[in-house]
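Comments concern the structure below.
The values are calculated or read from the model by the stated rules, or taken from the named source; none is laboratory data. Quantities reported herein were computed from a predicted structural model and do not represent experimental measurements. Cβ sites come from the backbone with ideal geometry, for glycine too, and all protein chains shown count toward neighbours.
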Amino acid sequence: MLTLVISFFMLPTHQSYLSAFLDYLKFQKRYSQHTIISYENDLRSFFQFLAPYGEMELSEIKPVIVRSWLADLKANQEMSSKSINRKISSLKSFFKFQLKQQQITVSPMTTIISPKVGKKLPQYVEKRDTDTLFTHVEFPDSWKGRTDRLILELLYNTGIRKAELISLTDQHVDAHSSTIKVLGKGSKERIIPVAPGFMQVLLAYKNDKNKEAGHSAGGHFFVN
């Protein structure tokens with residue numbers, strides 16, 4: 001089996017700066033190996049671009065050189081704006097570290113502006129499709145079938161995220177106020193109103209689940 005090896009030419013001085021930065025990410029920031037490899041690949045790519053310029057100290061790297069590299073990524077390598085932004089972020093972190101180490105006095109990244117990334121429009125399910133799902137699709141007459149149907153109904157009725165649904169517990173379902181409480185992004189709690197009729201469906205599921213699973217459910221609202 002052949003193994004593809006990608007080599008990057010780097011000056012010894014650049015290698016020493018890079019090694020110190022990667023050690024900082026590993027031992028002080030405690031970044032994952034995957035994240036560190038991403039940083040390393042981005043920075044090695046940048047230093048490879050600098051190779052034709054010859055011997056160059058970090059203090060000699062100017063914003064115009066960084067912009068030339070980014071333009072090359074965009075034009076010749078047809079890299080997406082999202083990928084370019086990641087490389088900009090890697091460079092900013094690297095030069096910020098060099099500032100702290102007093103290897104440079106000014107970062108060449110201060111005037112570098114990240115390209116805008118186009119936002120994807122949210123996709124939604126047509127009402128007629130949900131009507132077809134809940135009216136004409138037969139769910140198995142089993143606990144799994146009942147759970148699958150209720151999960152889909154809850155997603156449709158409340159619009160909660162997948163992670164919020166997975167972390168839903170019995171205590172988050174409030175029959176008195178007919179609401180559910182979910183923990184969203186940034187650990188922010190959201191209170192979502194639920195139609196009284198649908199709340200009764202949720203309560204019936206919870207009661208039957210507690211009879212069947214009891215403590216083994218661990219407080220999770222949905223169990224398989």
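Checked against the criteria, Phe222 counts as closer than 15 Å to Ile151 by Cβ and in a loop (DSSP other than H, G, I, E, B). Restricting to region 96-115, count the residues that are surrounded by 12 or more Cβ atoms within 10 Å (Cβ to Cβ), without any contact (Cβ under 8 Å) to a residue 24 or more places away in the chain and not charged (D, E, K, R). Count: 2.
Could you tell me which of the residues Lys120, Lys188, Lys144 is within 30 Å of Lys87 (Cβ to Cβ) and either in contact with a Ser or Thr (Cβ under 9 Å, 6 or more places away or on another chain) or not assigned by TED's automatic domain parsing to the domain that holds Asn85 (or both)? Just a single option satisfies the conditions, and that option is Lys120.
Where residues in region 116-162 are of a type in the set (Gly, Ala, Ser) and loosely packed, with under 12 Cβ neighbours inside 10 Å, which of them is farthest from the chain's Cα centre (by Cα)? Step by step, filter region 116-162, then rank; the result is Ser142. Any residue at all in region 187-195 that is basic (Lys, Arg) and exposed (fewer than 13 other Cβ atoms within 10 Å of the Cβ)? Yes, because at least one residue in region 187-195 is basic (Lys, Arg) and exposed (fewer than 13 other Cβ atoms within 10 Å of the Cβ). Only residues that are part of a helix (DSSP H, G or I) and surrounded by 12 or more Cβ atoms within 10 Å (Cβ to Cβ) were counted across region 54-67, and they come to 7. The numbered conditions (1) part of a helix (DSSP H, G or I); (2) among the basic types (Lys, Arg); (3) over 23 Å from Lys211 (Cβ atoms) are all true for Lys116 except (1). Selection within region 1-39: residues that are of a type in the set (Phe, Trp, Tyr) and part of a loop (DSSP other than H, G, I, E, B). The member of this set that is modelled with the highest pLDDT is Tyr31. Restricted to region 121-147, and to residues there that are part of a helix (DSSP H, G or I) and polar (S, T, N, Q), the residue that is nearest to Asn157 (Cα to Cα) is Thr130. For region 70-119, filtering for residues that are more than 24 Å from Leu25 (Cβ to Cβ) and among the charged types (D, E, K, R) leaves 5.
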